[in-house]
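Comments concern the structure below.
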Amino acid sequence: MEDMTPAPHRTPVDDPCVVPEKLQAAFQVLQEKWALPIVYVLLKGPVGFNDIGRQAGAVNPATLTQRLQRLEQVGLVAKTVQSTMPPRTVYRLTDAGLALDPVIKAFEVWARAHPLKAEAE
């Protein structure tokens, strides 16, 4: 006779195949186009809006504005408007953003050691 006892309910925390909620939230923010290149640029220190766009790879101003606002909203970036003429907006990483430094550096090491096939040709 077959055992009809229901299998114990597994929560996402118990299931090793489910991405944890906080990690999923971080992935969602950082996978947005230009988010990681912006963080990479800001790891060097505070940078003005136009310089971020140039250094991150010619991101268009509308997209750059959206990404910076999103990164600011989630607490990775802080914005300062300097009272100069004309006013200058400078962005920097918060402590949470700076905590991504070892992750970005590890990713950079990996990317140099394992060029993607399209890059290797």
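The numbers here are math on the coordinates, done by the rules we state, and not lab data. Keep in mind the model is a prediction, meaning the values are calculated, not measured. Methodologically, a virtual Cβ is constructed for each residue, glycine included, from the backbone with ideal geometry; neighbour enumeration extends over all protein chains shown.
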Lys, Arg +1 and Asp, Glu -1 on Cβ, resulting dipole of region 21-114 about Cα centre, debye, nearest 20: 200
Neighbour-limited loop hits for trypsin sites (Lys or Arg not before Pro), region 29-118 (at most 13 other Cβ within 10 Å; DSSP other than H, G, I, E, B): 33, 44
Per-residue Cβ neighbour rank within 10 angstrom, fewest leading, 38, 52: 52, 38
